[in-house]
Amino acid sequence: QVQLVESGGGLVHPGGSLRLSCASSTSLLTIYLMGWYRQVPGNEREFVASISSYGNTIYADSVKGRFTISRDDVKNMVWLQMDNLKPEDTAVYYCGDMRADSWGQGTQVTVSS
């Protein structure tokens, strides 16, 4: 069973940056589509970004140009580089195997003045 652990969240000011990391216990060679979701308590889960084993990426309109998803299938790591953060980016961020709907415990990102 895949285990996913997110880290790197924290508190930043608007315009700041964070780099989230996701470590997978399962080889990423076996996972075609990895991605990031975020969720504000009480709200629906929101798609943020995905990356295929081919390196193809998809981003939510709300984060295009600001966030970058990447993966290393040797290190079994996925990252989400977040730049020019905005208060509306505040959420718990989860990484996971999108096709398996398998997600980690999440890491809190708070963007506030």
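Structure summary
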quantity	calculated
Verdict on Ser50 being over 13 Å from Gln81 (Cα atoms), small (Gly, Ala, Ser) and open to solvent by less than 20 Å² (accessible area, probe 1.4 Å)	no
Residue list for region 71-81, filter: exposed (fewer than 15 other Cβ atoms within 10 Å of the Cβ) and among the aliphatic types (A, V, I, L, M)	Val74
All positions within region 1-17 that are under 17 Å from Ser102 (Cβ atoms) and surrounded by 13 or more Cβ atoms within 10 Å (Cβ to Cβ)	Val2, Leu4, Val5, Glu6
The one condition in (1) out of contact with any Gly (no Cβ under 9 Å at 6 or more places or on another chain); (2) open to solvent by 40 Å² or more (accessible area, probe 1.4 Å); (3) more than 17 Å from Glu46 (Cα to Cα) that Asn84 fails to fulfil	(1)
Residues located in region 50-60, provided they are assigned to a loop (DSSP other than H, G, I, E, B) and more than 22 Å from Val111 (Cβ to Cβ)	Ser53, Tyr54, Gly55, Asn56
Region 87-107: number of residues that are open to solvent by less than 20 Å² (accessible area, probe 1.4 Å) and in a loop (DSSP other than H, G, I, E, B)	2
Criterion violated by Thr68 - all others in (1) open to solvent by less than 50 Å² (accessible area, probe 1.4 Å); (2) in a strand (DSSP E or B) satisfied	(1)
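The values are calculated or read from the model by the stated rules, or taken from the named source; none is laboratory data. As the structure is a prediction and not an experimental result, all values here were calculated from the model. Note that we place each Cβ from the backbone using ideal geometry, even for glycine, and neighbour counts take in every protein chain shown. Ligands, DNA and RNA are excluded from the accessible area calculation, which covers all protein heavy atoms including side chains. Shrake-Rupley method; radii C 1.70, N 1.55, O 1.52, S 1.80 Å.
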